[in-house]
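Have a look at the structure below, then the notes.
The values are calculated or read from the model by the stated rules, or taken from the named source; none is laboratory data. The shown structure was predicted, so the numbers you read here are calculated from the model rather than taken from an experiment. Quick reminder, even Gly has a Cβ in these numbers, built from the backbone with ideal geometry, and neighbours come from all protein chains shown. Please note that ligands, DNA and RNA were not included when accessible areas were found on the heavy atoms of the full protein model with its side chains. Shrake-Rupley method; radii C 1.70, N 1.55, O 1.52, S 1.80 Å.
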Amino acid sequence: MSPRPQTTALLNGTLADGSGAALRPGNLLIADGRIAATGSFEVPPHAEKIDCTEFIVAPGFIDAHSHSDLQVISGRREKLLQGVTSEVVGNCGFSPYPQGTHAEELRDFANGIFCGDGQWGWATAASYFSALGGSRTVASVFSLVGHGSLRIAVAGNRMDALPQQDLARMEGLLAEAFAQGAIGLSTGLMYAPGSSAPTGELVRLCRVVADHGKIYTTHMRDYGFRLLEAIDEQIELARRSGCRLQISHLQAVGRANRDLNRRALERVEEAHVHGVDIAFDCYPYIAGSTVMTQLLPQWALEGGTSALLARLADLEERGRIEAGMITTLANEWSELLVSAVATPANAHLVGKTLEDIAALRRQRPADAVFDLLIEEQGRVNILEYNQSEENLRLNLNHPLAIIISDGFYVNGRPHPRLHGTFPELLGNLCRDRGWLDLATAIHKITGLPAQRFGLADRGLLQPGYVADVTIFDPRTIRSRATYEDPARSPVGIRYVFREGRILLRASPES
Ligand SMILES: [Zn+2]
């Protein structure tokens with residue numbers, strides 16, 4: 001990184017300004033970390049000139065749903081290589097703060113999503129931001145407060161309705177985090193212990209969100225058989241609290257539930273028409289990924305991983321867990337793949353479906369799941385083939401949809417979205433398959449998320465805005481990350497500027 005912002009003139013490119021307006025030819029001048037001019041202007045003699053002929057000049061991409069809470073601090077570059085300059089972390093109920101007296105429980109809760117190891121954790125949003133400030137991060141990082149983390153800070157890994165004084169402490173900690181710069185609250189209502197929160201608890205917290213003018217994002221209670229009930233709860237919550245609502249990774253999970261997708265969109269549109277400030281996000285893949293304990297009824301995780309392992313070792317408890325798992329599971333076993341394990345002994349299972357693993361072990365799939373969790377001390381990640389291409393296309397194109405990665409790191413084979421989301425969208429889905437036009441797709445990863453998440457002065461190519469700029473070749477941009485080989489970096493991203501500094505300059509052949 002250069003010591004101070006440069007003056008740079010980007011010449012002869014095609015501007016996609018992030019607003020969704022049609023692409024247009026033009027130049028762009030960066031000075032003092034800001035966009036100084038667009039269109040035509042006199043190029044200052046000391047400016048570095050970059051010829052952008054045949055390239056698209058866009059605002060730096062914003063990944064509004066990231067789980068790189070720890071990796072942004074270590075300066076990982078997977079997102080930068082995709083043209084991302086801003087990341088919103090703290091999603092789905094998981095943030096690395098506030099860490100109260102239950103530090104061990106916070107790590108036990110979030111390690112599977114954060115790919116965490118060691119003694120991470122921050123007492124406050126301010127201490128997390130100051131760690132970021134002194135780090136090698138290559139992104140501008142914005143953070144949501146995770147409801148699961150907040151709940152653990154106050155009450156540990158309890159799974160019941162909390163007493164009044166605990167709720168009041170959660171409200172206080174949330175308001176404190178907002179005052180320190182957190183941009184919203186996220187819930188993860190399929191993950192213990194956040195899943196045990198009654199709607200009343202969420203209403204109280206969403207009122208704090210509304211009072212501070214922040215955003216509330218939610219990984220809802222269900223995306224399968226009870227998708228519509230889950231959406232109704234969230235809309236009701238937004239109505240009662242007055243908060244702005246963002247539904248995370250909206251989709252209908254499972255073949256039996258494909259029709260629910262259209263009805264889910266209707267629910268969202270109806271709320272929107274009736275004045276609820278609602279929108280949603282989606283990643284551009286039909287498969288999702290998460291921790292394997294998501295397959296279990298979440299009461300089985302009360303008390304954390306050690307309590308879960310004890311239950312799985314008890315035949316009677318195991319039967320109850322299986323009964324709970326089977327009633328909510330919307331996927332086939334053949335649609336669920338192991339993507340990461342903790343021990344070398346099971347490393348050969350990475351990339352195999354649970355159907356195959358069960359056959360290999362001569363077990364029923366449920367027993368394979370339970371035994372694998374015991375052998376791996378709970379640390380298994382999975383990939384899930386969830387939805388149809390038709391529904392995915394519908395969702396990505398919806399005017400209320402922004403497009404995100406939802407990527408996270410694993411000690412194994414990550415979902416290709418971690419390395420490929422943005423080039424996949426612009427290359428495969430826009431250019432090759434014609435699902436969206438470029439101006440719209442770029443709007444959904446720049447101007448729209450900036451507006452939605454309140455990222456001031458970002459997301460548009462407009463004089464005075466922060467000079468986050470991504471330049472790519474629309475003829476060659478492409479993700480090379482596949483489900484089988486997900487760590488391959490994309491091609492076609494040519495230059496990336498963050499806050500006026502050049503962070504990526506690709507060689508001509510890449
Ligand atoms: Zn989520």
* Pull up the DSSP beta bridges for the chain and report the antiparallel fraction as a percent, rounded to 5. => 55
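Sorted by accessible area with a 1.4 angstrom probe, largest first, how do Asp32, Asp108 fall?
Working: Asp32 130, Asp108 65 Å².
Result, largest first: Asp32, Asp108.
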* Cα pair distances in region 408-477, grouped into 10 Å bins until the bin that holds the longest one, percent each -> 18, 39, 34, 9, 0
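Determine the calculated [θ] at 222 nm for the chain from helices alone, applying -39500 (n - 2.57) to every DSSP H run no shorter than 4 residues and normalising by the residue count; nearest 500 deg cm²/dmol.
Values: 15 runs with 157 residues, N = 510.
Calculated from helices alone, the mean residue ellipticity at 222 nm is -9000 deg cm²/dmol.
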* Take the alpha-carbon centre of region 74-146, take the same for region 375-429, and report the distance between them in whole Å. => 20
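Number of Lys-Lys pairs in the chain under 29 Å by Cα, sequence gap 8 or more or different chains?
On the way: Lys49/Lys79; Lys49/Lys444; Lys79/Lys214; Lys79/Lys352; Lys79/Lys444; Lys214/Lys444.
Close lysine pairs found across the chain: 6.
Would you mind working out the magnitude of the charge dipole of region 438-510 relative to its Cα centre, with +1 at each Lys and Arg C-beta and -1 at each Asp and Glu C-beta, to the nearest 20 Debye? All intermediate terms of the calculation are to be shown ahead of the outcome.
Details: 11 positive and 7 negative charges, 11 e Å.
So the magnitude is around 60 debye.
Measuring with a 1.4 Å probe in the full set of protein chains, what accessible area per residue, in whole Å², belongs to region 185-236? Intermediate values should be presented prior to the final figure.
Working: 1510 Å² over 52 residues.
Ligands and nucleic acids excluded, the result is 29 Å² per residue.
What whole-number value in Å² describes the accessible area per residue of region 350-473 for a 1.4 Å probe?
Working: 4090 Å² over 124 residues.
Dividing the accessible area of region 350-473 by its residue count gives 33 Å².
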* To do: Write down the accessible area per residue of region 269-311 in Å², having rolled a 1.4 Å probe over the full set of protein chains.
  => 34
* To do: Report Rg (one decimal) and Dmax (nearest whole number) for the chain, counting Cα atoms only, units Å.
  => 22.5, 78
* Pair-distance profile P(r), taking every C-alpha pair of region 399-446, with 10 angstrom steps and integer % -> 26, 48, 21, 4
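What is the percent carbon and sulfur in the accessible area of the chain, measuring with a 1.4 Å probe over the protein chains and ignoring ligands? Before the final figure, lay out the partial values.
Numbers: 9290 of 18750 Å².
That share works out to 50 percent.
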